[in-house]
Structure formats: C-alpha cells, structure tokens
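A short write-up of the structure that comes next.
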Amino acid sequence: MPLNPEMISPCAPQESPVLPSGAPAPQTPIVPSPPPLPPNISDLTFPLPNGLAAPAPPPPLPPPPPARGVAPPHVFGLEKSQLLKEALEKAGPVPGSKEDVKRLLRLQKDRFRSDLRWLLFCADLPSLIQEGPQCGLVALWMAGALLVPPSGVPLERLVQVARDRGFTAQGEMFSVADMGRLAQEVLGCQAELLCGGLGPPNRDRVLQHLLAGHPLLIPYDEDFNHEPCQRRGHKAHWAVSAGVLLGVPRVPDFGYAEDPELPGLFLPVPGVAHQPPPLPEDSNPGLVYLLAKQGKSWHYLLWDYEHVRESNQQLTDFSPARAADGRTYVLPAGGVRAGLCGQALLLTPQGSSH
C-alpha cells in the first residue's frame, strides 16, 4: 500500500477533551506510516415485557455430558505457563459468543428494564489471554478474526511489526493512531480514528458501526473486575467491542425473532434482511450496553455505554507504577492524553462500504 503521510492527522492534545456543543468531531482516515453452562437454562429468565408471567421451570435436568468438539480459547504463552494450563483445564469448554452473552444476561437480569424489548447484535470474537502489557495488541488480534477471516493473523506478527515501527517496546500501545496504522499494515483493513469521545456527536456513528458487525477498539481504565473505571489513565487498558444490546419500546417490524430461552430478548434472524433498530436517545441512559472482550478473560463483558464513555474520556496520565518499574515504554508526543484520551478506533474490512 503506497504511503501518503500528508493524510495522517492524529488528534491534537487538548486541555479539555470535551468538544463544544454541536461541534463536529474529527474522524481521520489513517494511512500507514514509517465455562460450563448453567444447570438449567429455564430457571434464569430475561425480564418479561408488559408484566407477563414467566412459565414455571421444569424439574432440574441431570448434568449435561462433557462438550465435544468445542475449541478452547487461544492462550498466548500457554506452552510456557503451567498456571495457565491448569486454569484452562478447570474452565472447561468455552461457549460460543451468543451463549456466552446469554449467560451474562441471565446473571445480570436485574439491570434491564422489564417494560422494554432488548435487541442483541453480536459478532463472534475469539478469546486470547495476554502475556505482559499486550492488551492492545491482543484486542487487535481478536478483531482480526472479523477483518481477516477465518483466523486473522498471528499475534507474534502484530507484536513484531509494532516493535519494528517503533510503536511499542514491551507490547504496550499508548497511541490509538499508531494502532490504526498497525491495523492497516498487518490486517489490510480500513481504520478510522475517532476523536472527541464516545458521546455526541460520535455516539450514533459508533453504534451504527457495531450494528453492522464491525469491531471497535477502545482504550479505557480497567477496574479489578475488568469493568471501566476512572483512574486518570493509571490503569489504561484496551478492549475490543463487536456487539451492542439496545433497549427499545418496540421491535422493528421484520427481521427479528424472540429468543426461546430469554423472553423479551430479540435477535436478528440469520440470513434475513432486518430493519435497522431505532437508537435510544442519548438523554435516556441505561439503554445501551457494549459487548466487549479484553486480554485478561476469555468471556464476554457487558458494559453500560456511558461508563465506557466516561472512562475513555479521562485517560490523561501515565501510571506512576509503570514509570518506576525500570522498563522502557513507548509514549507518543503529548503522552497518554494525546495518545488515548477521548479516542477509539473503528475497523472495517478492506473494501467495505460501511
């Protein structure tokens, strides 16, 4: 791919990362430069709309036989770590994306309003456990399964090219712009640098991207349970989102089917054109959830969109603990604020019209 450095326009550092109301956010094209299943799926139900009563659960079934033919998650460094091997053996087979998401919905059913219908859009992502500070490259590797099917590219190649280009020393990635350049070079995909945060006016752009089945790379501060938090960038981490859960008053007229196991949950019918759903108003929180994966767990995570937005918007400082650990890290000019704050990466396969 020919280089055109004049087209590269990374986000400029700002004293306040929040854009003035109504101002358009720059969205810059980047061109490369130098678990066992629940015991009974019927005893945990999604909230029922309109006050409908759930049917009485049937008697408990005997435990299912061990699953066969289910591929384990990819675990980088597995051959060198007995601890990882033991953890993987205890975890059992990894469910598919929709089964894993349904597990989340059952566990967190109290979070969702029962007077709404819920629409689930979720693309299949593999899992990969990171070794060292490689969360960004692991997130990009996961996204590669959607961008370079069927299996993406080896993580080792992403790491090597990132080092060769001077983007990383230990596997860390503190620049969304550099991540986009790496994605374009190694995965051959389209990469769009999103500046100005995940809120308006970028919010609908992000949601439409996820509804189309494309991956989104998001830097955020990671709490102890992998949830987004606010630590001023001291816990900076990366995740990849490839799905969204929307709460809507009514389901579009065609192309959706209610899940037989979770009343109130609707999914697009595979292979059938579906009507685009209405996007919840930004002023009505708690109706949009991102489905994400990151390099410290092989399960999906379900995050309130506003919590992700707030965490992404306050990434300003390099971790004092890392600054004092004696290792070398690559930071962009302007530091964490310039490289990560209020930014995300929209990735689409080469030639995609979306």
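Laboratory data are not the source of any read-out in this text; all were calculated from the coordinates shown. Worth saying up front: this structure is predicted, and the values here are computed from it rather than measured. Here Cβ is always computed from backbone atoms with ideal geometry, including for glycine, and neighbour counts include all displayed protein chains.
Brief remarks on what is shown
- Taking the average, over residues, of other Cβ atoms within 10 Å as the packing measure, peptides 118-124, 321-327, 225-231 rank 118-124, 225-231, 321-327 from highest down.
- Label zone at LEU104, where the point sits 7 Å out along the Cα-to-Cβ direction: region 213-247 residues whose backbone N lies under 12 Å: 227-228, 240-246
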